[in-house]
Amino acid sequence: MKDIKFNKQFFSTPIYYVNAKPHLGHAYTSIAADVAIRFKQMEGCETFLLTGTDEHGDKIVQAAENQKTTPEKYAKRVSKLFQDILPSLNVENNYFIRTTDPAHIKVVQKILLKIYNDEDIYFSSYEGLYCFGCERFYQERELQDGKCPDHGTTPEIIKESNYFFKMSKYQEWLINHIKTNPNFIRPEQYKNEILSFLKEPLEDLCISRPKTRLTWGITLPFDEKFVTYVWFDALVNYISALGYPDGELFRQFWPGARHFVAKDIIKPHGIYWPIMLKAAGIEIYQGLNVHGFWNVKGSKMSKSIGNVTNPLEVIDAYGLDQFRYFLMREMVFGLDANFTQKSIVSRINSDLANDLGNLFSRVLSMNHKYFQGKVKGTDPRIEKEKSLSLALEAESAIDGFQKAMSICAFSKGLEAVWQFISKMNKYIDTNAPWTLAKDEANIDELGTILYNLMEGLRVVTCLIYPIIPQTSLKMQKMLCIQRDGKQVYTLEEIRLWGQIKEETIIAKPGILFPRIDTGKKE
Ligand code: MSP
């Protein structure tokens, strides 16, 4: 099947459990989805970004008990922390969903009833290995040395009568769907992981809990002695938030949805969710973007291990755009990455302060020194004769950026821009404007060089917008290309070489990224 191009794009983050405060791992997924959606805006798409909190289940009841409060009050308080952090991360979500929202609960019940009436949900007794951390049953073969691969704990044997969802019925259909839609699960290694898991028979999914054991869930519409929670509740957020079934947003944005998740939850997203949609007669979402873990000294950053970093502290210490840049540049999307203070400082000092910051300040300072800030413009004859145009280099940076960003290879996209930055720094050294400036006869050549550099900076400034929007806008302002209202330049607009107008007075440069004193920070 050919990949369909959606001009309305809906991206989501996982809805986070409210049993822990937001940490750097959560911040990463939210920022990655925000970067990707801003990039989609550069491609001219209309966009919708969703995030929220997952508030039912054992874990939340336990956490509330520990804090001597009710699950309602506890969930509300922690959910607010996840909502309040978004502006500090500069994540521009369009909606924030909570699974305790009455509208969400209605949609979950509607879908359950439909699937139950179609006889894809049945009642049975079951004994299995249950991980409370993941809130799901495990098959022996999924465990590592008898322990949950994610929590490192030994699952408990639980025997209960419950409702089950007939996933096995849809196994062949799912394999075929994944194989015929090559971009359904990205990057490739996770698609292969799911396909290899699907080589073994799929077990049906336990979707309920008796109210005698848990009440903090959504009552089953066909048996009020039971609740559903976790995956049958949480995954449905992606459509309840859009107002399924009749909402205008649902009509516009579904099925053009890509879900951003880390590798811990690819099975629910890559297996349960498409099968739930299929069974409910709803179109299947467009795809899943899976990233790796942020590790600290080799272990996954997580609340249960107790090695979490508060993103707000990092932002306080280094700045918001520095933090966003670091996250996007340091992690190869799909692989794990290590978080250390040393690596963030080194990225800030070398990539931001030395490469980008220096280039920006060199070019604007020279334009001030030689032309009192006024843009001189190019002399086409000299430009051609001395091969001074940077237009082709800019074009290839845009191509490289676009190709990488469209598959969420953020670090590669940034590499393409930084290669261009480094070319421009070399271009300055090779053409030595300071030598040309000594002789009035070289004035047109000097103007041509500075014009090309400023155009190159325009391209860089606009391309980095999704990753570091605040800095991009600040640079746009200094280059006199900022716009009111619509801040995003589309890729098509960026490609048009020669946008900076002659005679414009360009500001004196300020410091974009102060260098971090390594002695102090380390
Ligand atoms: N509530 C479920 C998701 C339901 S979605 C329908 C859940 N919540 S969670 O709070 O545990 O969030 C897991 C997600 O948080 C990961 O998939 C990832 O997006 C993010 N991360 C949590 N720790 C992380 C790292 N150490 N590294 C990278 N991402 C991390 O699962």
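Being more than 10 Å from the ligand (Cβ to nearest atom), among the polar types (S, T, N, Q) and in contact (Cβ under 8 Å) with a residue 24 or more places away in the chain is a condition met by at least one residue of the stretch 35-43. With respect to the conditions (1) open to solvent by less than 10 Å² (accessible area, probe 1.4 Å); (2) at pLDDT 95 or above, His23 falls short on a single one, namely (1). Taking the stretch 291-314 as the region of interest, how many residues are more than 9 Å from the ligand (Cβ to nearest atom) and within 17 Å of the chain's Cα centre (by Cα)? Residues meeting the conditions: 1.
Considering Pro201, Pro210, the condition of being more than 30 Å from the chain's Cα centre (by Cα) and surrounded by 14 or more Cβ atoms within 10 Å (Cβ to Cβ) is satisfied by Pro210 alone. Of all residues in the stretch 90-106, exactly one satisfies the criterion of being part of a helix (DSSP H, G or I) and crowded, with 21+ Cβ neighbours inside 10 Å, namely His104.
Okay, residues lined up against (1) of a type in the set (Phe, Trp, Tyr); (2) closer than 19 Å to Gly357 by Cβ:
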| residue | (1), (2) |
| --- | --- |
| Cys462 | no, yes |
| Pro469 | no, yes |
| Ser472 | no, yes |
| Leu479 | no, yes |
| Tyr489 | yes, no |
| Glu492 | no, no |
| Gly498 | no, no |
| Lys501 | no, no |
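Scanning the stretch 221-268 for residues that are open to solvent by less than 10 Å² (accessible area, probe 1.4 Å) and over 21 Å from the mean Cα position of the chain (by Cα) gives Val227, Thr228, Val230, Phe232, Asp233.
The lone criterion from (1) over 23 Å from Leu129 (Cβ atoms); (2) more than 16 Å from the ligand (Cβ to nearest atom); (3) hydrophobic (A, V, I, L, M, F, W, C) left unmet by Ile185 is number (2). Of the helices (runs of 4 or more DSSP H) entirely within the stretch 390-501, those holding at least 3 residues that are crowded, with 18+ Cβ neighbours inside 10 Å occupy 391-405, 410-431, 443-463, 469-478. Looking across the stretch 472-490, the residues that are at pLDDT 95 or above and under 18 Å from Glu46 (Cα atoms) come down to Tyr489, Thr490. For His151, indicate whether it is farther than 27 Å from Glu72 by Cβ and in the same structural domain as Ala63 (by TED's automatic domain parsing). Taking the combined requirement at face value, the residue does not satisfy it. Met1 falls short on exactly one of the conditions (1) open to solvent by 20 Å² or more (accessible area, probe 1.4 Å); (2) modelled with pLDDT of 95 or more; (3) within 27 Å of Ala279 (Cα to Cα), and that condition is (2). Go through the stretch 315-336 and give me each residue that's crowded, with 20+ Cβ neighbours inside 10 Å, closer than 29 Å to Tyr272 by Cα and over 14 Å from the mean Cα position of the chain (by Cα). None; the set is empty. Exactly one condition in (1) in contact (Cβ under 8 Å) with a residue 24 or more places away in the chain; (2) touching a Lys or Arg at 6+ places or on another chain (Cβ under 8 Å); (3) open to solvent by less than 20 Å² (accessible area, probe 1.4 Å) is false for Ala64; which is it? Ala64 satisfies all of (1) in contact (Cβ under 8 Å) with a residue 24 or more places away in the chain; (2) touching a Lys or Arg at 6+ places or on another chain (Cβ under 8 Å); (3) open to solvent by less than 20 Å² (accessible area, probe 1.4 Å) except (1). Determine whether Ile15 is at pLDDT 95 or above, closer than 25 Å to Ile284 by Cβ and either under 18 Å from the mean Cα position of the chain (by Cα) or not assigned by TED's automatic domain parsing to the domain that holds Lys263 (or both). For Ile15, the condition - at pLDDT 95 or above, closer than 25 Å to Ile284 by Cβ and either under 18 Å from the mean Cα position of the chain (by Cα) or not assigned by TED's automatic domain parsing to the domain that holds Lys263 (or both) - is met. Among the numbered conditions (1) out of contact with any Leu (no Cβ under 9 Å at 6 or more places or on another chain); (2) within 17 Å of Ser240 (Cα to Cα); (3) in a loop (DSSP other than H, G, I, E, B), the only one that Ala279 does not meet is (3). Among the conditions (1) under 30 Å from Ala20 (Cα atoms); (2) outside any loop (DSSP other than H, G, I, E, B), Gly334 misses just one, which is (2).
Put simply, of Gly319, Gly292, Gly281 the only residue that is in contact with a strand residue (DSSP E or B) (Cβ under 8 Å, 6 or more places away or on another chain), in contact (Cβ under 8 Å) with a residue 24 or more places away in the chain and among the small types (Gly, Ala, Ser) is Gly292. Does any residue of the stretch 118-127 turn out to be β-branched (Val, Ile, Thr), surrounded by 15 or more Cβ atoms within 10 Å (Cβ to Cβ), at pLDDT 95 or above and assigned by TED's automatic domain parsing to the domain that holds Asp204? Yes, there is a match, as at least one residue in the stretch 118-127 is β-branched (Val, Ile, Thr), surrounded by 15 or more Cβ atoms within 10 Å (Cβ to Cβ), at pLDDT 95 or above and assigned by TED's automatic domain parsing to the domain that holds Asp204. Checking each residue of the stretch 122-138 against the condition of being free of Cβ contacts under 8 Å to residues at least 40 places away in the same chain, touching a Gly at 6+ places or on another chain (Cβ under 9 Å) and not in a strand (DSSP E or B) gives no match. Output the residue which, of all residues in the stretch 353-387 that are in a helix (DSSP H, G or I) and either assigned by TED's automatic domain parsing to the domain that holds Gly25 or among the polar types (S, T, N, Q) (or both), is least open to solvent (accessible area, probe 1.4 Å). Of everything passing the filter in the stretch 353-387, Asn367 is least open to solvent (accessible area, probe 1.4 Å). When Tyr16, Tyr74 are checked against the criterion of being within 12 Å of the ligand (Cβ to nearest atom) and touching a helix residue (DSSP H, G or I) at 6+ places or on another chain (Cβ under 7 Å), a single residue qualifies: Tyr16. Checking Gly281, Gly247, Gly270, Gly243 one by one, the residue that is within 14 Å of the ligand (Cβ to nearest atom) and either touching a His at 6+ places or on another chain (Cβ under 7 Å) or assigned by TED's automatic domain parsing to the domain that holds Gly152 (or both) is Gly270 and no other. What are the residues in the stretch 128-151 that are closer than 17 Å to Asn19 by Cβ and open to solvent by 60 Å² or more (accessible area, probe 1.4 Å), if any? His151 - this is the single residue of the stretch 128-151 that is closer than 17 Å to Asn19 by Cβ and open to solvent by 60 Å² or more (accessible area, probe 1.4 Å).
The values are calculated or read from the model by the stated rules, or taken from the named source; none is laboratory data. What you are looking at is a predicted structure, and each value in this text was computed from that prediction instead of being measured. Cβ: placed from backbone, ideal geometry, glycine included. Neighbour counts: every protein chain shown. Heavy atoms of the whole protein, side chains included, go into the accessibility calculation; ligands, DNA and RNA do not. Shrake-Rupley method; radii C 1.70, N 1.55, O 1.52, S 1.80 Å.
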